[in-house]
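Novice: Here's a structure for you.
Computed from the coordinates by the stated procedures, all read-outs in this text should not be read as laboratory data. Source: prediction; values computed, not measured. All Cβ positions, even for glycine, are placed from backbone atoms using ideal geometry, and neighbour counts span all protein chains on display.
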Amino acid sequence: MLIHQDMKMADVVHLNHHLLHVINRFGIQLGYGEKTVSQLCATHKVPLPFFLEIVNTFHDPSYFPLESLLQFKASRLIEYLQQTHSYYLEFRIPEIENYIQRLNNDSSFDEAIKVLLLDFFGQYSHELTVHINKEEQRVYPYVLALEQFLESERSDQEQLELLKAYSIHEYEEDHENVEDKLFDLKNIIIKYIPSPKDSRLLNLILHEIFELEKDLNNHQHIEDLILVPIVEKMEIELRKSTKRTK
Amino acid sequence: MSELVNILIIEPSYLVREGLKTLLTQTGLAFRVEETAVINGSFQKLVEKHQPRLVFINTLLLHSHWHGNRNKAPFQKLQIIGLTWSDVPEGVLSHCDFVLDITSSKAILMHHFVHFITKLGLINDEKGSESISERESDVLRLVALGYTNNEISERLFISVHTVMTHRKNITRKLGIKTVAGLTVYSILNKLVESGELKGRASASIE
């Protein structure tokens, strides 16, 4: 069942509680009362179609975003993607790290294994941070500059040359798979860690990793299916405008 | 996953068609489905158009539309599964590879589905649980220590191609893709000592 504008926001969460974080990223916090999706979007000045597409893409991975999504402004999409980035770096990653640290209280656990896990997760979070920084410092500014240029008078030749030197496809190729390590960590914990006396904390860690993975997959899905096509469209427009000035 | 399997469903009942698709999804088969409630024209034309590997067809429709030879194109390469409510119309049995009683329980239906899907080799039932061989663990040890494929091939006197095959199998069996992950596995399973890693630390950074 897809999420539609007349549903109560509370029912959306009852239907799929994984959406809570996604809803938060639009600035919509708990305490929905009886308000519907469209009412809350209006209150928080979130464009309704944009909210629905993003939430449904997360809710149903086989849901393919509508053509209309390509009409959205890249800057709005980037704002959302940045929200998810800071959610990973400021909340989810430290939280998992915290749980792994808490293994220290379990004396039945071999010291070396705790260190191994923490190290491995440390490597992962470093890679994720590098990847995110690259997007935020190189890719997003390019997309924003492109959008700004197309909305302007398009007379700045210098800016035009600068933009033409880059393409979103370089970024696609650059889109290395940061998820492999997370995948490995799941199997290491599920299959290869010597059975502890009490698995509850490890269960919790696994649960968090599965959640993070689901979120990251969706994040990449949105970049590949929505952001990249929007930018491609802008790049075609840019090339057209080059011809006009020549 | 292997490529999508074409499936054709010819059945008047919407509910039966939906139920079939639901069960097919649950088998884990990757498929693409064409469905129709009626046969416009001939059964043979439908088959030629969609080129299915599996055809689910209502036996009454099959009975009234069958003109052809099971041993000739386009029928010899596909599996025909007749769908029946109760009695199978006379003469239809010989055209079907299998007859499915749609009033059966879910467990029985699933059992039949998995049976003919594996029989066709549409799902490879490879043993995912097999553990790694001695040779693979030699390779794994060196991977964990940070050796490159070239170095491993020289040390073990095998080709680089063989090293890569071993690595693929290791990853498939363990469910671990990265060098760092394989290193953790090797330490946990005492294939390497964490002390050994120190000397090669720089080599393991790709």
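Novice: Can you compute the charge dipole magnitude of chain B about its Cα centre, using +1 on each Lys and Arg Cβ and -1 on each Asp and Glu Cβ, nothing else charged? Give it in debye, rounded to the nearest 20.
Specialist: For chain B, the charge dipole is close to 340 debye.
Novice: Taking only Cα atoms, what is the 0 to 90° angle, nearest 10, from helix A:228-245's long axis to the longest principal axis of chain A?
Specialist: 20
Novice: With point charges of +1 on the Cβ of Lys and Arg and -1 on the Cβ of Asp and Glu, referenced to the Cα centre of chain B, which listed residue (B:139, B:102, B:74) lies farthest in the positive direction of the dipole?
Specialist: So the residue we want is B:139.
Novice: On to the next question. Once you've got the Cα coordinates, tell me which of A:8/B:21; A:181/A:233; B:21/B:77 are over 28 Å apart.
Specialist: A:8/B:21; A:181/A:233
Novice: Just want the answer: with Cβ charges of +1 for Lys and Arg and -1 for Asp and Glu, which residue in A:1, A:123, A:104 is farthest toward the dipole's positive end in chain A?
Specialist: A:1
Novice: For residue B:111, project a label point 7 Å along Cα to C-beta. Then give me every residue of segment B:11-28 with its amide nitrogen under 20 Å of that point.
Specialist: In segment B:11-28, the label zone of residue B:111 (backbone N under 20 Å from the point 7 Å along Cα→Cβ) covers B:20, B:23-28.
Novice: Considering the options B:187, B:150, B:197, tell which one lies farthest towards the positive end of the dipole of segment B:134-204, charges being +1 on Lys and Arg and -1 on Asp and Glu at the Cβ, about the Cα centre.
Specialist: Working it through, the farthest residue towards the positive pole turns out to be B:187.
Novice: Let me ask something else about it. As a check on your grasp of the helix formula, calculate [θ] at 222 nm for the protein assembly as shown: sum -39500 (n - 2.57) over DSSP H runs of n ≥ 4, divide by the residue count, round to the nearest 500.
Specialist: -17000 deg cm²/dmol
Novice: Across 5 Å bins from the origin, how do the percents of Cα pairs in chain A run, short distances first?
Specialist: The distribution over chain A is 1, 5, 12, 14, 14, 14, 12, 10, 7, 5, 3, 1, 1, 0, 0, given as percents.
Novice: Can you compute the charge dipole magnitude of the protein assembly as shown about its Cα centre, using +1 on each Lys and Arg Cβ and -1 on each Asp and Glu Cβ, nothing else charged? Give it in debye, rounded to the nearest 20.
Specialist: Its charge dipole is roughly 960 debye.
Novice: For segment A:1-111, give the magnitude of the charge dipole about the Cα centre (Cβ charges: +1 Lys/Arg, -1 Asp/Glu; no others), in debye to the nearest 20.
Specialist: The dipole magnitude comes to about 540 debye.
Novice: Hey, another quick one. What is the mean number of Cβ atoms from other protein chains located within 10 Å of the Cβ atom of each residue in peptide B:180-190, rounded to a whole number?
Specialist: Neighbouring Cβ atoms belonging to other protein chains average 5 per residue here.
Novice: When you look at the Cβ of every residue in B:168-179, what mean number of other chain Cβ atoms sits within 10 Å?
Specialist: Average per residue, whole number: 4.
Novice: From the cross-link list B:119/B:173; A:45/A:214; A:164/A:240; A:114/B:173; A:214/B:168, which pairs have alpha carbons spaced over 18 Å apart?
Specialist: Check vs 18 Å cut-off fails for B:119/B:173; A:45/A:214; A:114/B:173; A:214/B:168.
Novice: Hey, what's the Kirkwood Rh for the protein assembly as shown if you take every pair of different alpha carbons, in angstrom?
Specialist: Hydrodynamic radius (Kirkwood, Cα pairs) of the protein assembly as shown is 27.0 Å.
Novice: Follow-up. Under a plain spin-label model, where a point goes 7 Å from the Cα along Cα-to-Cβ, how far apart in nm are residue A:38 and residue B:119?
Specialist: With each label placed 7 Å out from Cα toward Cβ, I get 5.4 nm.
Novice: May I pose another question? Most mobile of A:144, A:201, A:182 per a Gaussian network model of chain A (Cα springs, under 10 Å)?
Specialist: Judging by the Gaussian network model, the answer is A:201.
Novice: Separation of segment A:127-143 and segment B:30-108 by C-alpha centroid, Å?
Specialist: With segment A:127-143 and segment B:30-108 each reduced to a Cα centre, they are spaced 54 Å.
Novice: Report, to the nearest 10°, how far helix A:74-87 tilts away from the longest principal axis of the Cα atoms in chain A, using its own Cα long axis and a range of 0 to 90°.
Specialist: Once rounded, the angle reads 10 degrees.
Novice: May I ask for the angle, rounded to the nearest 10°, between helix A:48-59 and the longest principal axis of chain A, with both axes built from Cα atoms and the value confined to 0 to 90°?
Specialist: With both axes taken from Cα atoms, the answer is about 40 degrees.
Novice: Let me check the size of segment A:1-111 from its C-alpha atoms; what are the radius of gyration and Dmax in Å?
Specialist: Rg then Dmax for segment A:1-111, in Å: 17.4, 56.
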